[in-house]
Amino acid sequence: MRIFDPHIHMTSRTTDDYQAMYASGVRAVVEPAFWLGQPRTSPASFFDYFDSLLGWEPFRAAQYGIAHHCTIALNPKEANDPRCTPVLAALPRYLVKDNVVAVGEIGYDSMTPAEDTALAAQLQLAADHELPALVHTPHRDKLAGLRRTIDVVRESALPLERVLIDHLNETTVKEAKDSGCWLGFSVYPDTKMDEERMIAILRDVGPEKVLVNSAADWGKSDPLKTRKVADAMLAAGYDEDDVDLVLWRNPVAFYGLSGRLVLDVAGTEATHEGNSILRGGA
């Protein structure tokens, strides 16, 4: 079984997680730029973070046979902080990097005017750089947030079929599907979807254009949730081709819209910019 986790924050995870993920069938991940849990106080902290997503994290993943790509953006939460918004002007120099396969996470947190501005600007950047976009729907007022998101995308230069709307659930999936966007579901303990609910949604909408992710980060989360969904699909009567479609071919097709997806894991040197994960080794 091959698995592609299309939304996981490996910066927050350990090398033990990489090892367990590989053993469970994970061979590729996309790590979206996101809020780190504590507010950043200057654009420079974003740039160091973006550089780590482009350099250190792919190096770390490759040690465990996993291909790592990322998405780059000013996230919705920090779009409200005037100390952070200058990041928007610097994004073009990151969006040309080979390992960047989408603009994201963008979208809404509290649905403020500042978030409207950041979303519209970054959708335009995605269109300008011929990249797809990964859109975060808010944790509160999800249906209102989805509708507002779709309206802004429709007003943008980026076609709906180049947008992945993430963190969907039972209240938002129908309108998201009707829009023509790709459908993303985060299977995450307590606060988002679980395996059983995911199976019910698959039965309702089918597996086409559906991406399932773990969204694993610094919170209570599980980087093996993609494998658990795959196992739940098989137990529910789906065949291996259905599992491969949802857990591999769909994310490959969406992020492949960037023209930059490389799934072969290249060999790496023992160190990255003078640092090594092999401390204590022979």
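Values as computed for the structure displayed
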{"read-out": "Every residue from segment 58-71 that is buried (at least 23 other Cβ atoms within 10 Å of the Cβ) and over 15 Å from Pro6 (Cβ atoms)", "value": "Pro58"}
{"read-out": "Qualifying residues in segment 199-218 (those that are buried (at least 24 other Cβ atoms within 10 Å of the Cβ) and of a type outside the set (S, T, N, Q)) - the one modelled with the lowest pLDDT", "value": "Ala216"}
{"read-out": "Test: residue in segment 5-26 that is among the acidic types (Asp, Glu) and within 27 Å of Ala90 (Cβ to Cβ)", "value": "no"}
{"read-out": "Ser221 of a type in the set (Ser, Thr, Tyr) and at pLDDT 95 or above", "value": "no"}
{"read-out": "For Ser221: the one exception among (1) among the polar types (S, T, N, Q); (2) in contact with a Pro (Cβ under 9 Å, 6 or more places away or on another chain); (3) closer than 21 Å to Tyr255 by Cα", "value": "(3)"}
{"read-out": "Any chance Glu115 is over 18 Å from the mean Cα position of the chain (by Cα) and buried (at least 20 other Cβ atoms within 10 Å of the Cβ)", "value": "yes"}
{"read-out": "Whichever residue in segment 72-101 is basic (Lys, Arg) and more than 18 Å from Pro113 (Cβ to Cβ) and, among such residues, is surrounded by the fewest Cβ atoms within 10 Å (Cβ to Cβ)", "value": "Arg93"}
{"read-out": "Failed item, numbered, when Ala121 is tested on (1) free of Cβ contacts under 8 Å to residues at least 12 places away in the same chain; (2) closer than 18 Å to Leu74 by Cβ", "value": "(1)"}
{"read-out": "Filtered residues of segment 126-147 (kept if under 15 Å from Ile72 (Cβ atoms), modelled with pLDDT of 95 or more and either among the charged types (D, E, K, R) or in contact with a strand residue (DSSP E or B) (Cβ under 6 Å, 6 or more places away or on another chain) (or both))", "value": "Ala126, Asp128, Glu130, Leu131, Pro132, Ala133, Leu134, Val135"}
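Here is a yes/no grid of residues against (1) more than 13 Å from Leu247 (Cα to Cα); (2) surrounded by fewer than 24 Cβ atoms within 10 Å (Cβ to Cβ):
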position	(1), (2)
His7	no, no
Ser12	yes, yes
Gln19	yes, yes
Tyr22	yes, yes
Arg27	no, yes
Pro32	yes, no
Pro43	yes, yes
Phe46	yes, yes
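The values are calculated or read from the model by the stated rules, or taken from the named source; none is laboratory data. Note that the structure is a prediction, hence the values are computed from the model and not measured. Heads up, the Cβs are rebuilt from the backbone with ideal geometry, glycines too, and the neighbour counts pull from every protein chain shown.
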